[in-house]
Each structure stands twice: as C-alpha cells, then as structure tokens.
1. Considering each residue of the stretch 54-86, count those that are among the polar types (S, T, N, Q) and either in contact with a helix residue (DSSP H, G or I) (Cβ under 6 Å, 6 or more places away or on another chain) or within 20 Å of ALA24 (Cα to Cα) (or both), and give that number.
2. Identify the single condition in (1) modelled with pLDDT under 95; (2) part of a helix (DSSP H, G or I); (3) of a type in the set (Lys, Arg) that LYS109 does not satisfy, given that it satisfies every other one.
3. Select from the stretch 11-26 the residues that are over 13 Å from the mean Cα position of the chain (by Cα) and in a strand (DSSP E or B) and write down the one among them that is farthest from LEU54 (Cα to Cα).
4. Just need a number here: residues in the stretch 1-53 that are out of contact with any helix residue (DSSP H, G or I) (no Cβ under 9 Å at 6 or more places or on another chain), within 19 Å of ASN82 (Cα to Cα) and hydrophobic (A, V, I, L, M, F, W, C).
5. Run down LEU66, LEU46, LEU61 and say which single residue is out of contact with any Asp or Glu (no Cβ under 6 Å at 6 or more places or on another chain), surrounded by 17 or more Cβ atoms within 10 Å (Cβ to Cβ), part of a strand (DSSP E or B) and of a type in the set (A, V, I, L, M).
6. From VAL29, VAL77, grab the single residue that is in a helix (DSSP H, G or I), β-branched (Val, Ile, Thr), surrounded by 14 or more Cβ atoms within 10 Å (Cβ to Cβ) and within 12 Å of the chain's Cα centre (by Cα).
7. Give the stretch 3-26 a look and list any residue that's modelled with pLDDT of 95 or more and either loosely packed, with under 11 Cβ neighbours inside 10 Å or of a type in the set (A, V, I, L, M, F, W, C) (or both), or say none.
8. Find all pairs meeting these conditions: Cβ atoms under 8 angstrom apart; at least six residues apart or on different chains; first residue within the stretch 17-34 and over 13 Å from SER60 (Cβ atoms) and touching a residue at least 24 places away in the same chain (Cβ under 8 Å); second residue assigned to a helix (DSSP H, G or I) and hydrophobic (A, V, I, L, M, F, W, C).
Amino acid sequence: MVKLQHQRSQAYDTVFIEGRLGAANSSEVGSELVQILESGPGLVHLDLTELSFLDSCGLSLFVSLLKRARQNEGDLVLFNMNDRIRSLFELTRLHEIFDIRQDDDSQLKQVGT
C-alpha cells in the first residue's frame, strides 16, 4: 500500500510517498502523479523518506514520469532516499539520469556528482 501527500507551491509540487511501491499499485500511483505533474508548474519533487520498497514497476513509473515531465519542459527531483532504494538506482544506473538529492534544498548538488 502506498500513501501520497501532496503540497503545491508556485514553483513546484512536492509529493511525499509512503509505503511500498510496486507492481500491485504502480498504475494507480502513476495516474495520481501524472495528474499532479500536468496540473501544476511541471516540476515535481518526490520525497522518498517513507518509501520502504521499490521494485522494477516502481522504477519504470519514475522513468515514465521523468520522461513526461521533460517532454513538457519540466523535471522530476527525487530526495531523501534510503540506502536500499539508492542502491537500486545505482545498480540500474538510473542515478545518472535523475536529479537525486539528499533533501529538498535546491542548492544541493546532485548526488553522485
């Protein structure tokens, strides 16, 4: 089960993702995230502090959302990943295409650079 909390500012949307994101719920979560992306300023920050599990379907969802955001001149920022999820991004080399940060401070450098 995944719980999303959404906050909107003029510059970007922040979505807090809590729980387990995988095959069972990635389609539903994806629909909600696309709606947030398309109804806002186009920049979405995903706070992954409380995300306890992510599988290949969840990764695919993030890639699709990133692609959609960039096609519309927006972007996706991921922050506050736990070590297991960070390792998954590194194993799949997705850390090279995502803007991954320690926290939601826009002044921080991208992790891994």
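1. Looking only at that region, the number is 3.
2. Of the numbered conditions (1) modelled with pLDDT under 95; (2) part of a helix (DSSP H, G or I); (3) of a type in the set (Lys, Arg), the odd one out for LYS109 is (2).
3. Among those residues, the one meeting the criterion is GLY19.
4. Summing the residues that are out of contact with any helix residue (DSSP H, G or I) (no Cβ under 9 Å at 6 or more places or on another chain), within 19 Å of ASN82 (Cα to Cα) and hydrophobic (A, V, I, L, M, F, W, C) in the stretch 1-53 gives 2.
5. Result: LEU46 is the single residue among LEU66, LEU46, LEU61 that is out of contact with any Asp or Glu (no Cβ under 6 Å at 6 or more places or on another chain), surrounded by 17 or more Cβ atoms within 10 Å (Cβ to Cβ), part of a strand (DSSP E or B) and of a type in the set (A, V, I, L, M).
6. VAL29
7. LYS3, LEU4, VAL15, PHE16, ILE17, LEU21, ALA23, ALA24
8. ILE17/VAL29; VAL34/LEU65
The values are calculated or read from the model by the stated rules, or taken from the named source; none is laboratory data. Just so you know, these numbers come straight off a predicted model, no measurement behind them. Please note: Cβ atoms are built from the backbone with ideal geometry, for glycine as well, and neighbour counts cover all protein chains shown.
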